[in-house]
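So the structure is just underneath, and the comments pick up after that.
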Amino acid sequence: MAIRVERLLIHLWTLILVLLLLLVGLLAPSPVAGQEAVVPLQFSFSDPGARSMGFGGAFVALADDATAVFSNPAGLTQLLRPEISIEARHWSYSTPYTEGGRVEGLPSGFGIDTMVGLRTATSEDELSGISFLSFVYPKDNWSLALFRHQAANFEFFSETQGLFGGGTDCCQIRDFDQRVTNNLEILSHGLAAAYRISDKFDVGLGVVYYDSTFVSDTTLFAPDEDTPASFLAPNSYLPERSVLGEYIFFDDSDWALTGGFLWRLSEGWSIGGVYRQAPEADFGVVLTAGQALDPGIPPGEVLFQTTLVVELPELYGLGFAYRAPDGRITISFQWDRVLYSNIVDSLGLGDRAMDDADELHLGAEYVFLDSTPIIALRLGAWLDPDHQMRATTGGPFALAMLPRGEDEMHYAAGLGIVMQHFQIDFAADFGDRVDTLSLSAIYDF
């Protein structure tokens, strides 16, 4: 608590100094606007593999290929021969953020202060890479597997300016303009084992090593000049007008456990479950002095720094699947409980919230068994509930910069080509904030 209070006092003291620099002799005194750094994150908790993606991520009760080492290690006992799998993914992100506008009151009608309500924009980014690798070796009632999985690969950039408040011409407030860049990458490497307890029940356990990297770089800016006209004008983000830098980061590793079960209730019906423990990482926060004021230390020098511990989300999953007796039709459903609240709870952010999410996944497959090679078509859909970090207190500026998000529906389609020892799968997953393309291959020998 002492660290949080000290950080708040330093941040508030800096904002007051800059606000006085801007407003003395120009405008009537006005309340200090609390600056909120934009830190959106997009995790991917969907199971690896294009086949799973084609099912809309409903794979925990199937888990019948080499990707089971991550989705549900209990399914590894279903493999009869050693398998190698590889997957490449392409992510296309569209991340909304608050760009400017009015948090309260009516616009003055001058400069960029002409809009009632908030103005939003979207950060666009595209990334590609190898997202999954695995090797599975089955032996009698046992199976062992190694894997590498990219759980997150996300970049974000935003420019926010002209966020106004206040209700009269004499007491207008302009929040500090800001530039933000975020980069998040989470890689996991693991070893898993599965054991067939009976003809109907399998269990699996894995040990996972997470390597997590996150960098959020935020710079606050004053208007270009100390004049009333500049107060209402666009910002050029001049280095000499920087007010404060906020650097949030972690580059850490941790071990975690994962486990699952697979229960074949009867011919054609199965139930599967999985648990993935959350890794932790040391989380650093550094505030640096800008050039637009003189706090007593040179620009770029550290005003304050601290280290906290952040716990990433853990996951519980449960699903069921039905496969027709002739093997042509498969239907699968999965429920995932993702504990996003771990993030804000571990950091002690009483003025922030992230809702835990209940993801619902549904998918189906039809296999043309008479074709050569065998062709499989898949369709799926899943619900990704809102889990955006949002402000719960702090006034209108905080609520505007960190608002509640929206639920998102994803729709998926996939194609599989199966040969004697080789399988290729294609899939696409489309949503409002992220589209994903997947190409994976499995070879058994």
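Would you mind stating whether Phe147 is within 30 Å of Val69 (Cβ to Cβ), in contact (Cβ under 8 Å) with a residue 40 or more places away in the chain and crowded, with 17+ Cβ neighbours inside 10 Å? When the stated conditions are applied, Phe147 passes them.
For (1) modelled with pLDDT under 95; (2) surrounded by fewer than 18 Cβ atoms within 10 Å (Cβ to Cβ); (3) charged (D, E, K, R), each residue gets a yes or a no:
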| position | (1), (2), (3) |
| --- | --- |
| Ile16 | yes, yes, no |
| Val32 | yes, yes, no |
| Pro48 | yes, no, no |
| Gly54 | no, no, no |
| Ala61 | no, no, no |
| Arg89 | no, no, yes |
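Each residue in region 122-143 was checked for being touching a residue at least 12 places away in the same chain (Cβ under 8 Å) and outside any strand (DSSP E or B), and 1 pass. Here Ser346, Ser371 are screened, and the one residue that is among the small types (Gly, Ala, Ser) and free of Cβ contacts under 8 Å to residues at least 40 places away in the same chain is Ser371. For region 425-440, what are the residues that are in a strand (DSSP E or B) and surrounded by 17 or more Cβ atoms within 10 Å (Cβ to Cβ)? Asp425, Phe426, Ala427, Ala428, Asp429, Val434, Thr436, Leu437, Ser438, Ser440 - these are the residues of region 425-440 that are in a strand (DSSP E or B) and surrounded by 17 or more Cβ atoms within 10 Å (Cβ to Cβ). In this structure, does Ala353 turn out to be without any contact (Cβ under 8 Å) to a residue 40 or more places away in the chain, in contact with a helix residue (DSSP H, G or I) (Cβ under 8 Å, 6 or more places away or on another chain) and farther than 30 Å from Pro138 by Cβ? Considered against the rule, which asks whether it is without any contact (Cβ under 8 Å) to a residue 40 or more places away in the chain, in contact with a helix residue (DSSP H, G or I) (Cβ under 8 Å, 6 or more places away or on another chain) and farther than 30 Å from Pro138 by Cβ, Ala353 comes out as yes. Scanning region 382-424 for residues that are part of a strand (DSSP E or B), in contact with a Gly (Cβ under 6 Å, 6 or more places away or on another chain) and surrounded by 19 or more Cβ atoms within 10 Å (Cβ to Cβ) yields a total of 4.
Among the residues of region 335-344, not a single one is over 30 Å from Asp282 (Cα atoms), modelled with pLDDT of 95 or more and not in a strand (DSSP E or B).
Within region 225-262, the set of residues being over 26 Å from Val310 (Cβ atoms) and surrounded by fewer than 18 Cβ atoms within 10 Å (Cβ to Cβ) comprises Glu225, Asp226, Thr227, Pro228, Ala229, Pro234, Ser236, Tyr237, Leu238, Pro239, Glu240. Within region 247-263, identify whether any single residue is touching a residue at least 60 places away in the same chain (Cβ under 8 Å), under 30 Å from Phe59 (Cα atoms) and in contact with a Pro (Cβ under 6 Å, 6 or more places away or on another chain), and answer yes or no. Among the residues of region 247-263, at least one is touching a residue at least 60 places away in the same chain (Cβ under 8 Å), under 30 Å from Phe59 (Cα atoms) and in contact with a Pro (Cβ under 6 Å, 6 or more places away or on another chain), which makes the answer yes.
Is region 265-272 home to any residue that is farther than 27 Å from Asp336 by Cβ, within 29 Å of the chain's Cα centre (by Cα) and surrounded by fewer than 17 Cβ atoms within 10 Å (Cβ to Cβ)? No, there is no match, as no residue in region 265-272 is farther than 27 Å from Asp336 by Cβ, within 29 Å of the chain's Cα centre (by Cα) and surrounded by fewer than 17 Cβ atoms within 10 Å (Cβ to Cβ). In region 104-121, the qualifying residues are those that are part of a loop (DSSP other than H, G, I, E, B), under 35 Å from the mean Cα position of the chain (by Cα) and small (Gly, Ala, Ser), and the one that is nearest to Gln161 (Cα to Cα) is Gly117. Residues of region 42-62 include none that is of a type in the set (Asp, Glu) and touching a residue at least 60 places away in the same chain (Cβ under 8 Å).
For region 287-307, indicate whether the set of residues that are modelled with pLDDT of 90 or more, among the charged types (D, E, K, R) and surrounded by fewer than 14 Cβ atoms within 10 Å (Cβ to Cβ) is non-empty. Within region 287-307, one or more residues are modelled with pLDDT of 90 or more, among the charged types (D, E, K, R) and surrounded by fewer than 14 Cβ atoms within 10 Å (Cβ to Cβ).
Taking the stated definitions as given, is Asp336 over 30 Å from Asp217 (Cα atoms) and either crowded, with 16+ Cβ neighbours inside 10 Å or touching a Leu at 6+ places or on another chain (Cβ under 8 Å) (or both)? Yes; evaluated as a whole, the condition is true for this residue.
So is Arg378 under 26 Å from Gly273 (Cβ atoms) and buried (at least 21 other Cβ atoms within 10 Å of the Cβ) or not? Criteria met by Arg378. Among the residues of region 353-373, those identified as touching a strand residue (DSSP E or B) at 6+ places or on another chain (Cβ under 7 Å), surrounded by fewer than 16 Cβ atoms within 10 Å (Cβ to Cβ) and not hydroxyl-bearing (Ser, Thr, Tyr) are Asp356, Asp358, Phe368, Pro373. Is one or more of the residues making up region 347-366 over 17 Å from the mean Cα position of the chain (by Cα), more than 27 Å from Met419 (Cα to Cα) and of a type in the set (Gly, Ala, Ser)? There is at least one residue in region 347-366 that is over 17 Å from the mean Cα position of the chain (by Cα), more than 27 Å from Met419 (Cα to Cα) and of a type in the set (Gly, Ala, Ser).
The values are calculated or read from the model by the stated rules, or taken from the named source; none is laboratory data. Predicted model, so just to flag it, every value in this text is computed and none were measured. All Cβ positions, even for glycine, are placed from backbone atoms using ideal geometry, and neighbour counts span all protein chains on display.
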